[in-house]
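These notes are about the structure you will find just below.
The values are calculated or read from the model by the stated rules, or taken from the named source; none is laboratory data. Remember, it's a predicted structure, so these values are computed and weren't measured experimentally. As a convention, Cβ positions derive from the backbone with ideal geometry for all residues, glycine included, and neighbour counts pool all protein chains shown. Protein only, heavy atoms only, side chains kept; ligands, DNA and RNA dropped before computing areas. Shrake-Rupley method; radii C 1.70, N 1.55, O 1.52, S 1.80 Å.
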Amino acid sequence: MDEVGMVVGNTETGKFVIALPKDTKLMENEYVVTKVRERDILRDVVGRVAQMGALSEILTHETTYDSLMKLVSRDIDVPKIYAEIETIGYLDEGGVKFPRNPPMPGEKVYRASKELLDSFYHIGELPIHVGTLLTRDDVSINLNPKGFLRHMAIIGQTGSGKSYTTGVIIEELYDKGASIVIIDPHADYVRMNRSRSGDVIIPRFSVFRNSMSVSRFDDVDAAPLTISLKDLMPDEIANIIGISSNYKRMIGILSAAIDSFKGSMNYEDLKGKIESWARGAEKPPKSYKDEDAQNVLRYLTLAEKRGITGIFSEETTPLEQIIKPKHISVLDLSGLKSDIQEVIANIFLTKIYEKNTTSKEIEPVFIVIEEAHNFVPGTQYSKSKDIVKKIAGEGRKFGVMLIMITQRPHKIDADALSQANSYVVMRLNNSEDITAVKIAAENLGDDLSTLLPHLNPGEAIIVGPVVNVPAIVKIKERKTQEGGGDIDIVNTLKRYRESYKEEG
(Lines give C-alpha, C1' and ligand atoms only; values in the text may rest on other atoms or scores of the structure.)
Protein backbone atom coordinates (compact mmCIF):
# COMPACT_ATOMS: atom_id res chain seq x y z
CA MET A 1 0.00 0.00 0.00
CA ASP A 2 1.17 3.55 -0.77
CA GLU A 3 2.13 5.65 2.25
CA VAL A 4 0.27 8.97 2.17
CA GLY A 5 0.74 10.60 5.58
CA MET A 6 0.96 10.36 9.36
CA VAL A 7 -1.50 10.58 12.24
CA VAL A 8 -0.98 13.81 14.22
CA GLY A 9 -2.52 15.79 17.08
CA ASN A 10 -5.39 14.72 19.31
CA THR A 11 -7.07 11.56 18.03
CA GLU A 12 -10.51 10.04 18.65
CA THR A 13 -12.10 6.73 17.74
CA GLY A 14 -14.48 8.39 15.27
CA LYS A 15 -12.11 10.89 13.67
CA PHE A 16 -8.49 11.90 13.49
CA VAL A 17 -6.16 14.18 11.52
CA ILE A 18 -3.25 13.20 9.31
CA ALA A 19 -0.36 15.35 8.07
CA LEU A 20 0.33 15.15 4.34
CA PRO A 21 3.33 15.98 2.15
CA LYS A 22 3.12 19.15 0.08
CA ASP A 23 2.88 17.19 -3.17
CA THR A 24 0.12 14.86 -1.91
CA LYS A 25 -2.23 13.33 -4.45
CA LEU A 26 -4.81 12.43 -1.83
CA MET A 27 -8.35 13.74 -2.44
CA GLU A 28 -11.46 14.28 -0.40
CA ASN A 29 -13.60 11.13 -0.16
CA GLU A 30 -10.56 8.92 -0.79
CA TYR A 31 -10.05 5.96 1.54
CA VAL A 32 -7.06 5.44 3.79
CA VAL A 33 -5.95 2.83 6.33
CA THR A 34 -3.88 2.95 9.50
CA LYS A 35 -3.05 0.61 12.37
CA VAL A 36 -5.07 0.64 15.59
CA ARG A 37 -4.47 -1.68 18.52
CA GLU A 38 -7.65 -3.45 19.62
CA ARG A 39 -7.19 -5.85 22.56
CA ASP A 40 -3.54 -6.46 21.74
CA ILE A 41 -4.30 -7.03 18.05
CA LEU A 42 -3.21 -4.51 15.42
CA ARG A 43 -6.18 -3.86 13.16
CA ASP A 44 -6.22 -2.23 9.72
CA VAL A 45 -8.75 0.53 10.32
CA VAL A 46 -10.19 2.19 7.21
CA GLY A 47 -11.21 5.83 7.14
CA ARG A 48 -12.62 8.30 4.64
CA VAL A 49 -11.00 11.65 3.88
CA ALA A 50 -13.83 13.92 5.02
CA GLN A 51 -12.01 17.21 4.46
CA MET A 52 -8.62 18.48 3.31
CA GLY A 53 -6.97 21.77 4.19
CA ALA A 54 -3.77 23.79 4.23
CA LEU A 55 -2.49 25.95 7.10
CA SER A 56 0.20 28.60 7.37
CA GLU A 57 1.18 30.22 10.66
CA ILE A 58 3.02 33.02 8.82
CA LEU A 59 0.93 33.68 5.71
CA THR A 60 -2.19 34.90 7.51
CA HIS A 61 -4.90 37.44 6.75
CA GLU A 62 -3.34 39.80 9.27
CA THR A 63 -0.21 40.20 7.11
CA THR A 64 -0.13 42.92 4.45
CA TYR A 65 -0.08 41.95 0.81
CA ASP A 66 3.41 43.42 0.23
CA SER A 67 4.79 41.50 3.22
CA LEU A 68 3.15 38.34 1.97
CA MET A 69 4.83 38.73 -1.43
CA LYS A 70 8.25 39.11 0.19
CA LEU A 71 7.72 36.06 2.40
CA VAL A 72 6.58 33.93 -0.51
CA SER A 73 9.49 35.04 -2.72
CA ARG A 74 11.98 34.02 -0.01
CA ASP A 75 10.27 30.67 0.50
CA ILE A 76 10.24 31.25 4.25
CA ASP A 77 7.06 29.35 5.09
CA VAL A 78 6.00 25.83 4.14
CA PRO A 79 2.22 25.46 4.56
CA LYS A 80 0.97 22.46 6.47
CA ILE A 81 -1.22 20.13 4.40
CA TYR A 82 -3.64 18.03 6.44
CA ALA A 83 -6.72 15.84 6.09
CA GLU A 84 -9.53 15.13 8.53
CA ILE A 85 -10.40 11.42 8.52
CA GLU A 86 -13.77 9.91 9.39
CA THR A 87 -13.33 6.41 10.82
CA ILE A 88 -15.25 3.64 9.03
CA GLY A 89 -14.01 0.49 10.79
CA TYR A 90 -12.09 -2.74 10.37
CA LEU A 91 -12.88 -6.25 9.15
CA ASP A 92 -13.39 -8.99 11.71
CA GLU A 93 -14.99 -12.40 11.13
CA GLY A 94 -16.45 -11.29 7.82
CA GLY A 95 -18.11 -8.16 9.21
CA VAL A 96 -17.19 -4.52 9.68
CA LYS A 97 -16.62 -3.41 13.28
CA PHE A 98 -16.01 0.02 14.73
CA PRO A 99 -12.78 0.44 16.77
CA ARG A 100 -12.89 1.17 20.48
CA ASN A 101 -9.44 2.76 20.48
CA PRO A 102 -8.08 5.71 18.49
CA PRO A 103 -5.00 5.57 16.26
CA MET A 104 -1.80 6.78 17.91
CA PRO A 105 -0.11 10.01 16.76
CA GLY A 106 2.90 9.12 14.64
CA GLU A 107 1.19 6.08 13.08
CA LYS A 108 1.73 5.88 9.32
CA VAL A 109 -1.27 6.16 7.02
CA TYR A 110 -1.66 4.40 3.66
CA ARG A 111 -4.02 4.56 0.71
CA ALA A 112 -6.49 1.71 1.14
CA SER A 113 -5.89 -1.08 -1.37
CA LYS A 114 -8.48 -2.32 -3.86
CA GLU A 115 -8.45 -5.74 -2.17
CA LEU A 116 -9.22 -4.25 1.25
CA LEU A 117 -12.04 -2.05 -0.08
CA ASP A 118 -13.47 -4.96 -2.08
CA SER A 119 -13.65 -6.91 1.19
CA PHE A 120 -15.41 -4.01 2.91
CA TYR A 121 -18.10 -3.79 0.25
CA HIS A 122 -18.47 -7.51 -0.51
CA ILE A 123 -22.10 -8.60 0.02
CA GLY A 124 -22.26 -12.28 -1.04
CA GLU A 125 -24.89 -13.85 -3.31
CA LEU A 126 -26.90 -12.09 -6.03
CA PRO A 127 -25.09 -8.73 -5.88
CA ILE A 128 -27.01 -5.77 -7.29
CA HIS A 129 -24.25 -3.88 -9.15
CA VAL A 130 -24.90 -0.12 -9.19
CA GLY A 131 -21.51 1.51 -9.82
CA THR A 132 -18.10 2.19 -8.32
CA LEU A 133 -16.70 4.17 -5.44
CA LEU A 134 -16.61 7.83 -6.46
CA THR A 135 -12.83 8.17 -5.99
CA ARG A 136 -11.95 4.56 -6.86
CA ASP A 137 -13.34 3.33 -10.16
CA ASP A 138 -11.56 0.01 -9.58
CA VAL A 139 -13.84 -0.79 -6.60
CA SER A 140 -17.34 -2.00 -7.52
CA ILE A 141 -20.29 -1.21 -5.29
CA ASN A 142 -23.00 -3.87 -5.06
CA LEU A 143 -26.22 -3.78 -3.07
CA ASN A 144 -27.32 -6.67 -0.88
CA PRO A 145 -30.75 -7.94 -2.04
CA LYS A 146 -31.58 -8.83 1.58
CA GLY A 147 -31.43 -5.12 2.42
CA PHE A 148 -34.42 -4.43 0.17
CA LEU A 149 -36.66 -6.31 2.61
CA ARG A 150 -36.60 -3.23 4.82
CA HIS A 151 -37.41 -0.92 1.89
CA MET A 152 -35.44 1.80 0.11
CA ALA A 153 -35.78 5.49 -0.69
CA ILE A 154 -34.05 7.09 -3.67
CA ILE A 155 -33.81 10.82 -3.07
CA GLY A 156 -32.44 13.73 -5.06
CA GLN A 157 -33.43 17.06 -6.52
CA THR A 158 -34.48 17.42 -10.14
CA GLY A 159 -31.55 16.73 -12.46
CA SER A 160 -29.53 14.77 -9.90
CA GLY A 161 -30.10 11.46 -11.71
CA LYS A 162 -32.49 9.71 -9.32
CA SER A 163 -34.76 8.28 -12.06
CA TYR A 164 -31.67 7.19 -14.01
CA THR A 165 -30.36 5.47 -10.86
CA THR A 166 -33.74 3.86 -10.26
CA GLY A 167 -33.54 2.44 -13.77
CA VAL A 168 -30.12 0.93 -13.03
CA ILE A 169 -31.47 -0.75 -9.88
CA ILE A 170 -34.57 -2.03 -11.72
CA GLU A 171 -32.39 -3.50 -14.48
CA GLU A 172 -30.32 -5.35 -11.91
CA LEU A 173 -33.35 -6.61 -9.96
CA TYR A 174 -34.90 -7.85 -13.20
CA ASP A 175 -31.72 -9.75 -14.09
CA LYS A 176 -31.91 -11.42 -10.67
CA GLY A 177 -35.47 -12.62 -11.37
CA ALA A 178 -37.53 -10.01 -9.52
CA SER A 179 -41.20 -9.21 -10.07
CA ILE A 180 -41.40 -5.41 -10.27
CA VAL A 181 -44.42 -3.10 -10.38
CA ILE A 182 -43.77 0.59 -11.12
CA ILE A 183 -46.27 3.32 -10.21
CA ASP A 184 -45.31 5.78 -12.97
CA PRO A 185 -47.14 9.16 -12.88
CA HIS A 186 -45.17 10.71 -15.77
CA ALA A 187 -44.43 7.81 -18.16
CA ASP A 188 -40.74 7.86 -17.20
CA TYR A 189 -40.36 4.07 -17.40
CA VAL A 190 -42.62 2.99 -20.29
CA ARG A 191 -39.64 2.55 -22.64
CA MET A 192 -37.17 0.96 -20.31
CA ASN A 193 -37.52 -2.42 -21.99
CA ARG A 194 -35.48 -0.99 -24.89
CA SER A 195 -31.83 -0.13 -25.26
CA ARG A 196 -30.77 3.36 -26.26
CA SER A 197 -30.60 2.15 -29.86
CA GLY A 198 -34.19 0.90 -29.65
CA ASP A 199 -33.61 -2.86 -29.38
CA VAL A 200 -35.78 -4.83 -26.95
CA ILE A 201 -33.46 -6.05 -24.18
CA ILE A 202 -36.08 -6.72 -21.48
CA PRO A 203 -38.63 -9.05 -23.09
CA ARG A 204 -40.67 -9.74 -19.95
CA PHE A 205 -42.10 -6.24 -19.76
CA SER A 206 -45.63 -4.78 -19.83
CA VAL A 207 -47.15 -1.32 -19.78
CA PHE A 208 -50.69 -0.85 -18.44
CA ARG A 209 -52.59 2.34 -19.24
CA ASN A 210 -56.09 3.61 -18.54
CA SER A 211 -58.10 4.94 -21.48
CA MET A 212 -58.17 8.36 -19.76
CA SER A 213 -54.40 8.57 -19.64
CA VAL A 214 -52.59 10.95 -22.00
CA SER A 215 -49.10 9.51 -22.36
CA ARG A 216 -46.09 11.23 -23.89
CA PHE A 217 -45.30 7.98 -25.68
CA ASP A 218 -48.29 6.91 -27.74
CA ASP A 219 -46.09 4.53 -29.74
CA VAL A 220 -45.71 2.26 -26.69
CA ASP A 221 -48.11 -0.67 -26.72
CA ALA A 222 -50.13 -0.78 -23.52
CA ALA A 223 -52.62 -3.21 -22.03
CA PRO A 224 -55.83 -1.80 -20.46
CA LEU A 225 -55.55 -0.60 -16.86
CA THR A 226 -59.10 -0.70 -15.59
CA ILE A 227 -60.94 -0.62 -12.27
CA SER A 228 -64.30 -2.17 -11.50
CA LEU A 229 -66.82 0.04 -9.76
CA LYS A 230 -67.14 -2.80 -7.26
CA ASP A 231 -63.56 -2.16 -6.17
CA LEU A 232 -64.28 1.47 -5.29
CA MET A 233 -65.96 2.98 -2.27
CA PRO A 234 -68.99 5.22 -3.00
CA ASP A 235 -67.10 8.31 -1.80
CA GLU A 236 -64.22 7.45 -4.17
CA ILE A 237 -66.63 7.22 -7.11
CA ALA A 238 -68.22 10.49 -6.02
CA ASN A 239 -64.83 12.19 -5.86
CA ILE A 240 -63.88 10.97 -9.33
CA ILE A 241 -67.06 12.31 -10.95
CA GLY A 242 -66.85 15.58 -9.02
CA ILE A 243 -69.37 15.18 -6.17
CA SER A 244 -68.20 16.87 -2.98
CA SER A 245 -67.87 14.75 0.17
CA ASN A 246 -70.32 17.19 1.81
CA TYR A 247 -73.18 15.94 -0.38
CA LYS A 248 -74.06 12.96 1.80
CA ARG A 249 -77.44 12.21 0.18
CA MET A 250 -75.89 12.06 -3.30
CA ILE A 251 -73.18 9.69 -2.06
CA GLY A 252 -75.89 7.65 -0.35
CA ILE A 253 -77.78 7.29 -3.65
CA LEU A 254 -74.57 6.07 -5.31
CA SER A 255 -74.04 3.55 -2.53
CA ALA A 256 -77.60 2.26 -2.83
CA ALA A 257 -77.25 1.88 -6.60
CA ILE A 258 -74.04 -0.11 -6.21
CA ASP A 259 -75.59 -2.34 -3.55
CA SER A 260 -78.50 -3.13 -5.87
CA PHE A 261 -76.18 -5.15 -8.12
CA LYS A 262 -75.19 -8.51 -6.69
CA GLY A 263 -72.79 -9.47 -9.47
CA SER A 264 -70.60 -7.49 -11.84
CA MET A 265 -71.50 -3.95 -12.79
CA ASN A 266 -70.21 -1.42 -15.28
CA TYR A 267 -70.68 2.33 -15.60
CA GLU A 268 -73.70 2.00 -17.89
CA ASP A 269 -75.39 -0.25 -15.33
CA LEU A 270 -74.78 2.29 -12.56
CA LYS A 271 -76.02 5.20 -14.64
CA GLY A 272 -79.07 3.24 -15.75
CA LYS A 273 -80.09 2.48 -12.18
CA ILE A 274 -79.67 6.13 -11.11
CA GLU A 275 -81.57 7.27 -14.20
CA SER A 276 -84.51 4.95 -13.46
CA TRP A 277 -84.83 6.55 -10.03
CA ALA A 278 -84.38 10.07 -11.43
CA ARG A 279 -87.05 9.56 -14.13
CA GLY A 280 -89.52 7.98 -11.73
CA ALA A 281 -89.43 4.55 -13.40
CA GLU A 282 -88.48 3.10 -10.00
CA LYS A 283 -88.90 4.43 -6.50
CA PRO A 284 -85.59 5.39 -4.86
CA PRO A 285 -84.75 3.25 -1.83
CA LYS A 286 -85.01 4.30 1.81
CA SER A 287 -85.73 8.01 2.35
CA TYR A 288 -84.11 9.17 -0.88
CA LYS A 289 -86.12 11.25 -3.35
CA ASP A 290 -86.25 11.62 -7.13
CA GLU A 291 -84.32 14.90 -6.96
CA ASP A 292 -81.44 13.19 -5.11
CA ALA A 293 -81.06 10.80 -8.03
CA GLN A 294 -81.49 13.65 -10.52
CA ASN A 295 -78.61 15.54 -8.91
CA VAL A 296 -76.33 12.48 -9.16
CA LEU A 297 -77.41 11.87 -12.76
CA ARG A 298 -76.29 15.39 -13.74
CA TYR A 299 -72.80 14.67 -12.36
CA LEU A 300 -72.66 11.29 -14.08
CA THR A 301 -73.66 12.82 -17.41
CA LEU A 302 -71.13 15.65 -17.09
CA ALA A 303 -68.37 13.22 -16.12
CA GLU A 304 -69.22 11.11 -19.15
CA LYS A 305 -68.97 14.11 -21.47
CA ARG A 306 -65.56 14.99 -19.98
CA GLY A 307 -64.32 11.44 -20.55
CA ILE A 308 -63.71 10.92 -16.84
CA THR A 309 -65.75 7.71 -16.69
CA GLY A 310 -63.13 5.93 -18.82
CA ILE A 311 -61.47 4.91 -15.56
CA PHE A 312 -64.35 2.52 -14.84
CA SER A 313 -64.80 -0.96 -16.24
CA GLU A 314 -66.78 -4.08 -15.50
CA GLU A 315 -63.63 -5.82 -14.28
CA THR A 316 -60.40 -4.68 -12.63
CA THR A 317 -57.22 -5.61 -14.50
CA PRO A 318 -56.29 -9.02 -13.01
CA LEU A 319 -53.20 -9.11 -10.78
CA GLU A 320 -51.91 -12.22 -12.55
CA GLN A 321 -51.39 -10.06 -15.64
CA ILE A 322 -49.33 -7.56 -13.62
CA ILE A 323 -47.32 -9.72 -11.21
CA LYS A 324 -45.14 -12.39 -12.80
CA PRO A 325 -41.70 -13.83 -11.95
CA LYS A 326 -38.84 -11.95 -13.62
CA HIS A 327 -41.17 -9.33 -15.06
CA ILE A 328 -41.55 -5.55 -15.04
CA SER A 329 -45.03 -4.02 -15.09
CA VAL A 330 -45.40 -0.26 -15.52
CA LEU A 331 -48.69 1.31 -14.44
CA ASP A 332 -48.64 4.40 -16.68
CA LEU A 333 -50.72 7.04 -14.88
CA SER A 334 -49.50 9.99 -16.96
CA GLY A 335 -52.11 12.58 -17.88
CA LEU A 336 -54.50 11.57 -15.11
CA LYS A 337 -55.58 13.95 -12.36
CA SER A 338 -53.65 13.46 -9.14
CA ASP A 339 -56.66 12.18 -7.19
CA ILE A 340 -57.39 9.59 -9.88
CA GLN A 341 -53.73 8.52 -9.84
CA GLU A 342 -54.08 8.05 -6.09
CA VAL A 343 -57.25 5.97 -6.48
CA ILE A 344 -55.63 3.65 -9.03
CA ALA A 345 -52.47 3.30 -6.93
CA ASN A 346 -54.59 2.55 -3.85
CA ILE A 347 -56.60 -0.16 -5.60
CA PHE A 348 -53.66 -2.07 -7.05
CA LEU A 349 -51.30 -1.65 -4.08
CA THR A 350 -54.07 -2.90 -1.79
CA LYS A 351 -54.68 -5.93 -4.03
CA ILE A 352 -50.95 -6.74 -4.12
CA TYR A 353 -50.65 -6.41 -0.35
CA GLU A 354 -53.77 -8.48 0.35
CA LYS A 355 -52.66 -11.17 -2.11
CA ASN A 356 -49.34 -11.64 -0.32
CA THR A 357 -50.83 -11.48 3.17
CA THR A 358 -53.43 -14.15 2.42
CA SER A 359 -51.45 -16.52 0.17
CA LYS A 360 -49.89 -19.68 1.59
CA GLU A 361 -46.92 -19.22 -0.74
CA ILE A 362 -45.56 -15.67 -0.80
CA GLU A 363 -44.44 -14.33 -4.18
CA PRO A 364 -41.99 -11.45 -3.49
CA VAL A 365 -42.70 -8.26 -5.41
CA PHE A 366 -40.87 -4.93 -5.60
CA ILE A 367 -43.13 -1.85 -5.65
CA VAL A 368 -41.46 1.22 -7.19
CA ILE A 369 -43.30 4.52 -6.58
CA GLU A 370 -42.16 7.59 -8.49
CA GLU A 371 -43.04 11.00 -7.04
CA ALA A 372 -43.71 9.22 -3.74
CA HIS A 373 -44.36 12.51 -1.92
CA ASN A 374 -47.61 12.77 -3.90
CA PHE A 375 -48.80 9.25 -3.03
CA VAL A 376 -47.81 9.32 0.64
CA PRO A 377 -47.63 13.02 1.59
CA GLY A 378 -46.71 14.25 5.04
CA THR A 379 -49.50 16.62 6.04
CA GLN A 380 -52.01 16.40 3.19
CA TYR A 381 -54.60 13.70 2.60
CA SER A 382 -54.05 11.18 -0.17
CA LYS A 383 -56.23 8.22 -1.17
CA SER A 384 -53.12 6.04 -1.46
CA LYS A 385 -51.44 7.20 1.75
CA ASP A 386 -52.77 4.52 4.10
CA ILE A 387 -51.82 1.55 1.92
CA VAL A 388 -48.32 2.90 1.19
CA LYS A 389 -47.76 3.40 4.93
CA LYS A 390 -49.06 -0.10 5.63
CA ILE A 391 -46.65 -1.59 3.09
CA ALA A 392 -43.81 0.50 4.52
CA GLY A 393 -44.60 -0.72 8.02
CA GLU A 394 -45.54 -4.36 7.42
CA GLY A 395 -44.83 -5.28 3.81
CA ARG A 396 -41.45 -6.87 4.47
CA LYS A 397 -43.15 -9.67 6.45
CA PHE A 398 -45.04 -10.67 3.33
CA GLY A 399 -42.46 -10.07 0.62
CA VAL A 400 -43.80 -6.69 -0.53
CA MET A 401 -40.75 -4.45 -0.85
CA LEU A 402 -41.06 -0.72 -1.39
CA ILE A 403 -38.77 1.61 -3.34
CA MET A 404 -39.87 5.24 -3.00
CA ILE A 405 -38.43 7.94 -5.28
CA THR A 406 -38.78 11.62 -4.40
CA GLN A 407 -37.15 15.01 -4.90
CA ARG A 408 -38.95 16.49 -1.88
CA PRO A 409 -38.27 14.26 1.14
CA HIS A 410 -39.57 16.86 3.58
CA LYS A 411 -43.00 16.59 1.93
CA ILE A 412 -43.24 12.82 2.28
CA ASP A 413 -44.79 11.16 5.32
CA ALA A 414 -42.04 10.98 7.95
CA ASP A 415 -43.09 7.54 9.22
CA ALA A 416 -43.08 6.04 5.72
CA LEU A 417 -39.70 7.61 4.93
CA SER A 418 -38.15 6.35 8.16
CA GLN A 419 -39.35 2.80 7.39
CA ALA A 420 -37.03 2.81 4.37
CA ASN A 421 -33.89 1.60 6.10
CA SER A 422 -31.72 1.97 2.98
CA TYR A 423 -31.21 5.29 1.22
CA VAL A 424 -29.68 6.30 -2.09
CA VAL A 425 -29.28 10.05 -1.67
CA MET A 426 -28.21 12.27 -4.55
CA ARG A 427 -27.72 16.03 -4.79
CA LEU A 428 -29.92 18.10 -2.45
CA ASN A 429 -29.71 21.85 -1.84
CA ASN A 430 -32.91 22.57 0.07
CA SER A 431 -32.21 22.70 3.81
CA GLU A 432 -35.64 21.25 4.70
CA ASP A 433 -35.01 18.27 2.44
CA ILE A 434 -31.53 17.68 3.87
CA THR A 435 -32.90 17.84 7.42
CA ALA A 436 -35.67 15.37 6.56
CA VAL A 437 -33.14 12.91 5.14
CA LYS A 438 -30.83 13.27 8.16
CA ILE A 439 -33.74 12.52 10.51
CA ALA A 440 -34.89 9.49 8.53
CA ALA A 441 -31.46 8.09 7.63
CA GLU A 442 -29.79 7.99 11.02
CA ASN A 443 -26.61 6.42 9.64
CA LEU A 444 -26.08 9.23 7.11
CA GLY A 445 -24.35 11.44 9.69
CA ASP A 446 -23.33 15.08 9.59
CA ASP A 447 -20.10 14.49 7.63
CA LEU A 448 -21.86 12.75 4.74
CA SER A 449 -24.89 15.06 4.73
CA THR A 450 -22.63 18.09 4.18
CA LEU A 451 -21.67 16.52 0.82
CA LEU A 452 -25.22 16.45 -0.54
CA PRO A 453 -25.25 19.96 -2.13
CA HIS A 454 -21.92 19.22 -3.83
CA LEU A 455 -22.71 15.91 -5.52
CA ASN A 456 -22.64 15.93 -9.33
CA PRO A 457 -25.39 14.29 -11.42
CA GLY A 458 -25.03 10.53 -11.20
CA GLU A 459 -23.26 10.59 -7.83
CA ALA A 460 -24.93 9.24 -4.71
CA ILE A 461 -24.40 8.41 -1.07
CA ILE A 462 -25.73 4.95 -0.20
CA VAL A 463 -26.40 3.98 3.41
CA GLY A 464 -28.34 1.23 5.16
CA PRO A 465 -28.47 -2.58 5.12
CA VAL A 466 -28.00 -2.77 1.34
CA VAL A 467 -24.31 -1.92 1.97
CA ASN A 468 -21.93 -3.00 4.75
CA VAL A 469 -20.74 0.57 5.28
CA PRO A 470 -21.80 3.92 3.73
CA ALA A 471 -20.53 4.39 0.19
CA ILE A 472 -20.12 7.44 -2.04
CA VAL A 473 -20.85 6.07 -5.47
CA LYS A 474 -20.60 6.95 -9.13
CA ILE A 475 -23.67 5.27 -10.64
CA LYS A 476 -22.86 3.02 -13.60
CA GLU A 477 -24.17 3.48 -17.13
CA ARG A 478 -27.75 2.48 -17.66
CA LYS A 479 -28.61 -0.07 -20.36
CA THR A 480 -32.20 0.99 -21.03
CA GLN A 481 -33.92 4.11 -22.30
CA GLU A 482 -34.63 6.86 -19.81
CA GLY A 483 -37.88 8.80 -19.98
CA GLY A 484 -37.43 11.14 -17.05
CA GLY A 485 -34.72 13.45 -18.35
CA ASP A 486 -35.11 17.10 -19.25
CA ILE A 487 -36.03 18.07 -22.79
CA ASP A 488 -33.28 19.39 -25.05
CA ILE A 489 -34.46 23.01 -24.86
CA VAL A 490 -31.58 24.48 -26.86
CA ASN A 491 -32.04 22.24 -29.90
CA THR A 492 -35.83 22.54 -29.64
CA LEU A 493 -35.59 26.33 -29.79
CA LYS A 494 -33.16 26.13 -32.72
CA ARG A 495 -35.57 23.87 -34.59
CA TYR A 496 -38.50 26.21 -33.92
CA ARG A 497 -36.42 29.21 -35.00
CA GLU A 498 -35.55 27.57 -38.32
CA SER A 499 -39.10 26.31 -38.92
CA TYR A 500 -40.89 29.56 -38.15
CA LYS A 501 -38.64 32.39 -39.30
CA GLU A 502 -40.25 35.77 -38.98
CA GLU A 503 -41.17 37.39 -42.28
CA GLY A 504 -39.24 40.45 -43.26
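Being crowded, with 22+ Cβ neighbours inside 10 Å, farther than 20 Å from G147 by Cβ and modelled with pLDDT of 95 or more: is that true of L452 here? Yes; evaluated as a whole, the condition is true for this residue. Given the criteria in contact with a strand residue (DSSP E or B) (Cβ under 8 Å, 6 or more places away or on another chain), in contact (Cβ under 8 Å) with a residue 12 or more places away in the chain and under 22 Å from E482 (Cβ atoms), does S329 qualify? Yes: the conditions hold for S329. Applying a threshold of 7 Å to beta carbon distances and a minimum spacing of six or more residues, or different chains, the list of pairs starting in the range 413-436 at a residue that is in contact (Cβ under 8 Å) with a residue 12 or more places away in the chain and ending at one that is in a helix (DSSP H, G or I) and of a type in the set (D, E, K, R) reads D413/K385; D413/K389; D415/K389; A416/K389; N421/R150; S422/R150; M426/K162.
When the residues of the range 101-112 are filtered to those that are surrounded by 16 or more Cβ atoms within 10 Å (Cβ to Cβ) and either within 26 Å of T132 (Cα to Cα) or of a type in the set (K, R) (or both), the one that is nearest to the chain's Cα centre (by Cα) is A112.
Here K146 meets the list (1) touching a residue at least 40 places away in the same chain (Cβ under 8 Å); (2) among the charged types (D, E, K, R); (3) part of a loop (DSSP other than H, G, I, E, B) almost entirely, failing just condition (3). Residues in the range 421-439 that are farther than 20 Å from T158 by Cβ and crowded, with 23+ Cβ neighbours inside 10 Å: S422 only. Taken over the range 195-210, the residue count meeting the criterion of being touching a strand residue (DSSP E or B) at 6+ places or on another chain (Cβ under 7 Å) and either among the acidic types (D, E) or open to solvent by 20 Å² or more (accessible area, probe 1.4 Å) (or both) is 6.
Residue-level check: of (1) open to solvent by 80 Å² or more (accessible area, probe 1.4 Å); (2) of a type in the set (D, E, K, R); (3) part of a helix (DSSP H, G or I), E477 misses just (3). If you scan the range 317-342, which residues turn out to be more than 22 Å from G242 (Cβ to Cβ) and assigned to a loop (DSSP other than H, G, I, E, B)? Hits for the range 317-342 are T317, P318, I323, K324, P325, K326.
Of the residues making up the range 130-138, none is in a helix (DSSP H, G or I), touching a Lys or Arg at 6+ places or on another chain (Cβ under 9 Å) and over 30 Å from V17 (Cβ atoms).
Checking the range 303-313 against the condition returns no match, with no residue being part of a helix (DSSP H, G or I) and touching a Gly at 6+ places or on another chain (Cβ under 6 Å). Among the residues of the range 114-163, those identified as among the polar types (S, T, N, Q), open to solvent by 30 Å² or more (accessible area, probe 1.4 Å) and under 16 Å from the mean Cα position of the chain (by Cα) are Q157, T158. Residues that are surrounded by fewer than 19 Cβ atoms within 10 Å (Cβ to Cβ) and touching a helix residue (DSSP H, G or I) at 6+ places or on another chain (Cβ under 6 Å) within the range 249-259 comprise R249, S255, listed in sequence order.
Filtered by the rule that a residue be open to solvent by 10 Å² or more (accessible area, probe 1.4 Å), of a type in the set (D, E) and in contact (Cβ under 8 Å) with a residue 40 or more places away in the chain, the range 332-355 gives D339, E342. If the condition is being in a helix (DSSP H, G or I) and either in contact (Cβ under 8 Å) with a residue 60 or more places away in the chain or surrounded by 15 or more Cβ atoms within 10 Å (Cβ to Cβ) (or both), then the range 231-248 contributes D231, P234, D235, E236, I237, A238, N239, I240, I241. Return yes when D184 is among the acidic types (D, E) and within 12 Å of V330 (Cα to Cα) and no when it is not. Judged against the criteria, D184 is a match.
Mind checking which residues of the range 298-331 are open to solvent by less than 30 Å² (accessible area, probe 1.4 Å), of a type in the set (A, V, I, L, M) and at pLDDT 85 or above? If the condition is that a residue be open to solvent by less than 30 Å² (accessible area, probe 1.4 Å), of a type in the set (A, V, I, L, M) and at pLDDT 85 or above, then L300, A303, L319, I322, I323, I328, V330, L331 are the ones that fit. Take the residues in the range 390-415 that are surrounded by 22 or more Cβ atoms within 10 Å (Cβ to Cβ) and out of contact with any His (no Cβ under 9 Å at 6 or more places or on another chain), then tell me which one is farthest from N374 (Cα to Cα). Ranking the qualifying residues of the range 390-415, first place goes to V400. When the residues of the range 48-100 are filtered to those that are closer than 30 Å to P465 by Cβ and aromatic (F, W, Y), the one that is least open to solvent (accessible area, probe 1.4 Å) is Y90.
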